[in-house]
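S.K.: I am attaching a structure below and will ask some questions about it afterwards.
Please treat every number below as a calculation from the coordinates, not as lab data. Values in this document were obtained by computation on a predicted structure and should not be read as measured data. Counting neighbours? That spans all protein chains shown, and the Cβs are built from the backbone with ideal geometry, glycine included.
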């Protein structure tokens with residue numbers, strides 16, 4: 001997993017609420033057995049018409065946002081299915097950070113496993129950053145995980161919370177399976193106790 | 001005496017392997033369910049790192065999302081990508097030695113129907129699956145939730161998950177349901193009341209008389225859609241109905257182990273005075289048969305209602321409603337019962353069990369579907385299918401004009417050939433009405449099996465209570 005430390009980039013405004021995982025990556029693209037290559041189908045049904053042509057009004061098709069690395073989104077981003085193909089598609093497109101007032105739980109966790117930082121900010125802050133993002137490619141937003149701040153193009157900063165363990169893993173690009181396997185003795189011991197307490201499991 | 005605990009607290013406490021100072025826990029997983037769509041990259045990860053599946057006997061794999069629901073699928077799947085995914089699961093199940101129900105096995109079906117049916121799901125367990133509808137298993141008083149593929153790999157390798165505890169939320173349904181109102185109407189009404197983010201950060205415990213009065217299958221329908229309410233999981237305290245359902249299933253405990261299990265299961269309830277961070281109460285008698293009108297499961301209205309206008313909402317929902325009405329091709333003010341449909345889908349992990357098929361068949365008996373209607377029933381498992389055939393339900397569906405399919409997820413998410421075409425409008429017993437969910441441009445109205453059956457007959461969204469009155 002790539003580290004996430006500090007990112008300065010173009011932010012695409014997507015004010016729609018409840019952007020679900022079927023919008024982010026429709027199911028016909030879940031048939032892959034790989035993690036890569038999903039970027040071209042990110043937001044597929046919003047991004048392309050029935051003939052496969054780009055819809056010019058969709059934000060990521062507009063010249064200013066074709067290389068966006070950040071999305072500023074409406075409430076409850078990533079709701080719906082558990083498909084990790086959603087963060088895989090975002091990452092493959094080049095998105096490393098999504099800013100919203102709230103995220104669906106599974107999507108939120110999936111982001112951290114893939115080097116994407118989901119940032120939760122209050123409505124007012126998201127509204128201001130949304131306006132900033134609407135200014136286009138000259139308005140770059142900076143997201144600094146170490147200091148836990150988002151800074152808009154006008155220099156105004158917003159502090160955000162992040163789980164310390166998730167932050168540690170993201171800053172260092174850590175594989176958490178490796179970390180857990182170091183605790184094998186504790187898992188062995190738990191299994192031993194559970195076998196006595198709940199032998200039917 | 002220790003502080004009073006919720007059901008969720010108790011299950012959580014019994015599965016913590018290790019807790020860090022910041023509250024991050026390593027949580028032990030009792031059952032890991034696996035399907036073909038969200039697991040290939042996880043097994044590949046194990047191969048690349050030379051890791052094994054830690055507890056293959058606690059890992060249960062079944063193909064469901066991609067599989068066609070038409071005959072011949074045991075030998076050949078036409079769609080190449082689907083075939084590759086199903087073949088990959090087959091190979092991974094054999095290479096890593098996990099429990100496996102292939103397409104050719106009569107026990108194959110939707111993973112969330114197979115787990116309870118085979119007795120893999122038991123009260124007090126932690127159950128995960130790379131699928132958001134894992135919440136279904138909460139009906140047994142198990143802590144069950146969906147995970148992403150990286151977490152699937154983590155569970156395969158370590159039989160644990162790194163987790164922080166969620167908050168406790170209580171959803172109480174008081175009193176009894178009125179005739180024609182079902183578990184599906186409860187769960188949709190709760191989402192309508194709280195919104196799709198209403199449960200975010202929480203585990204919901206459903207309780208109250210109306211919940212207690214539900215069968216186990218009805219409880220599974222309620223818990224199944226906890227995720228659409230944004231919750232990490234939904235659960236219901238086990239009771240005599242739960243124990244009766246579990247007893248005698250292939251992988252349920254037997255003999256002395258059964259007695260020990262039963263004693264433990266009877267401790268699985270929320271203590272008097274335990275703290276809930278959020279409480280929502282609905283009156284059972286106020287719940288009507290409901291349908292969704294929009295493209296979010298929170299877009300719920302009683303069937304007696306009319307299509308809303310964007311101006312009926314506030315904030316970001318105004319624009320979302322405008323977009324939804326445009327996508328759904330609906331005009332504000334239209335009576336919901338005037339909305340014509342051309343497709344009916346009965347099935348899914350929400351409503352693909354035998355009682356669901358019985359409820360739909362009861363409405364359809366002696367009737368025909370409307371002219372031009374395309375209607376299909378996809379049983380949740382091979383065993384549900386066999387039972388429905390034995391009970392004569394299959395014949396009722398076939399006589400009414402329904403297609404009688406093989407088990408799988410099918411048109412709930414349309415990864416297999418069962419899909420809507422652009423502009424087609426479907427009465428569906430599944431769980432999501434998102435844009436494109438059942439096929440690009442397809443329009444979905446969610447409802448109960450009885451309501452979907454009624455719509456199949458009339459050709460438009462229908463209040464099943466009126467049809468019940470006619471039948472009486």
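S.K.: For all pairs of alpha-carbon atoms in the range B:234-363, what percent lies in each bin of width 5 Å, listed from the first bin to the last filled one?
M.R.: 2, 7, 11, 13, 13, 13, 12, 10, 8, 6, 4, 1, 0
S.K.: Let me ask something else. Quick one: which of B:186-196, A:27-37 comes out on top by average Cβ neighbours within 10 Å, and what's the full order, highest first?
M.R.: Going by the mean number of other Cβ atoms within 10 Å, highest first, we get B:186-196, A:27-37.
S.K.: I'd like the projected area of the range A:95-161, averaged over all directions, using the convex hull of its alpha carbons. Report it in nm² with one decimal.
M.R.: Averaged projected hull area, Cα only: 4.6 nm².
S.K.: Using alpha carbons only, how many angstrom separate the centre of the range B:44-69 from the centre of the range A:145-201?
M.R.: 23 Å
S.K.: Give me a single rounded figure for B:158-168: the average over its residues of other chain Cβ atoms within 10 Å of their Cβ.
M.R.: Mean shielding count: 3.
S.K.: Assuming 0.36 nm per residue, please report the length gained on full extension of the stretch residue B:176 to residue B:398 beyond their Cα-Cα distance.
M.R.: So the chain would gain 76.6 nm between residue B:176 and residue B:398.
S.K.: Determine, from the Cβ-Cβ distance of residue B:326 and residue A:138 and an R0 of 35 Å, the FRET efficiency 1/(1 + (r/R0)^6), rounded to the nearest 0.05.
M.R.: 0.65
S.K.: In what sequence do A:22, B:22 fall when counting other Cβ within 10 Å, fewest first?
M.R.: The order, fewest Cβ neighbours first, is B:22, A:22.
S.K.: So, one more: Starting from the Kirkwood radius over alpha-carbon pairs of the range A:122-201, derive D by Stokes-Einstein at 25 °C in a medium of 0.890 mPa s and give it in µm² s⁻¹.
M.R.: Stokes-Einstein gives a translational diffusion coefficient of 149 µm²/s.
S.K.: Also, I was wondering about something else. Express in nm, to one decimal, how much length is gained between residue B:244 and residue B:389 on full extension, taking 0.36 nm for each residue of separation and deducting their alpha carbon distance.
M.R.: Value of the extension gain: 49.8 nm.
S.K.: As a test of understanding, state the convex hull volume per residue of the range A:6-174 from its alpha carbons, in Å³.
M.R.: 104 Å³
S.K.: I would also like to ask the following. Report the Rg/Rh value for the range B:292-415, based on alpha-carbon coordinates and the Kirkwood definition of Rh.
M.R.: 1.05
S.K.: For chain B, what is the percent of antiparallel DSSP beta bridges, rounded to the nearest 5?
M.R.: Antiparallel: roughly 25 percent of the beta bridges in chain B.
S.K.: May I pose another question? Under the rule of -39500 (n - 2.57) per DSSP H run of 4 or more residues, summed and divided by the residues of chain B, what mean residue ellipticity at 222 nm is obtained, to the nearest 500 deg cm²/dmol?
M.R.: Taken over chain B, the calculation gives -9500 deg cm²/dmol.
S.K.: Take every DSSP beta bridge with both residues inside the range A:54-188 and express the antiparallel ones as a percent of the total, to the nearest 5.
M.R.: Just about 45 percent of them are antiparallel.
S.K.: Once every DSSP H run of n ≥ 4 in chain A is given -39500 (n - 2.57) and the sum is divided by its residues, what mean residue ellipticity at 222 nm do you get, rounded to the nearest 500 deg cm²/dmol?
M.R.: About -8500 deg cm²/dmol.
S.K.: So for the pair residue B:81, residue A:171, with labels modelled 7 Å out along Cα→Cβ, what separation do we get in nm?
M.R.: 3.9 nm
S.K.: Can you give the relative contact order of the range A:61-131 as a percent, counting alpha carbon pairs under 8 Å and 6+ residues apart?
M.R.: Once normalised by length, the contact order is 35 percent.
S.K.: Could you give the nm distance between label points at residue B:362 and residue B:213, where each point is 7 Å from its Cα heading toward the beta carbon?
M.R.: Between residue B:362 and residue B:213, the label points sit 1.3 nm apart.
S.K.: List the extent of the Cα atoms of chain B along each of their three principal axes, largest first, rounded to whole Å.
M.R.: So the extents along the principal axes, rounded to whole Å, are 57, 55, 45.
S.K.: Right, next: Multiply the residue separation of residue B:277 and residue B:306 by 0.36 nm, subtract the distance between their alpha-carbon atoms, and state the gained length in nm to one decimal.
M.R.: 7.0 nm
S.K.: Please figure out what share of the DSSP beta bridges in the protein assembly as shown is antiparallel and state it in percent, rounded to the nearest 5.
M.R.: 30 percent
S.K.: Using a ≥ b ≥ c from the Cα gyration tensor of the protein assembly as shown (square roots of the eigenvalues), is it rounded, prolate or oblate, where a/c under 1.5 gives rounded and otherwise the larger of a/b and b/c decides, a/b for prolate?
M.R.: Taking the square roots of the gyration eigenvalues as a ≥ b ≥ c, the protein assembly as shown is rounded.
S.K.: Moving on. Once you sort the root eigenvalues of the Cα gyration tensor of the range B:132-239 as a ≥ b ≥ c, which label holds: rounded (a/c under 1.5), prolate (a/b larger than b/c) or oblate (the other case)?
M.R.: In terms of gyration-tensor shape, prolate.
S.K.: Right, next: Let me have the relative contact order for chain B, percent, based on Cα pairs under 8 Å that are six or more residues apart.
M.R.: Relative contact order here is 17 percent.
S.K.: Which FRET efficiency value, to the nearest 0.05, do you get for residue A:189 and residue B:48 by plugging their Cβ-Cβ distance into 1/(1 + (r/R0)^6) with R0 = 25 Å?
M.R.: Step by step, r from the Cβ atoms, then E = 0.30.
S.K.: Report the label-to-label distance for residue A:40 and residue A:131 in nanometres (one decimal), using points 7 Å from each Cα along the Cα→Cβ vector.
M.R.: 4.0 nm
S.K.: What whole number of Å gives the distance from the Cα centroid of the range B:388-456 to the Cα centroid of the range B:249-274?
M.R.: Value for the Cα centre distance between the two parts: 36 Å.
S.K.: Next question. Averaging sequence separations of C-alpha pairs under 8 Å and six or more residues apart, then dividing by the length of the range A:6-174, give the relative contact order as a whole percent.
M.R.: Reported relative contact order: 26 percent.
S.K.: With the Cα gyration tensor of the range A:1-59 giving a ≥ b ≥ c as the square roots of its eigenvalues, does the rule (a/c under 1.5 for rounded; else a/b larger than b/c for prolate; else oblate) give rounded, prolate or oblate?
M.R.: Verdict is oblate for the range A:1-59.
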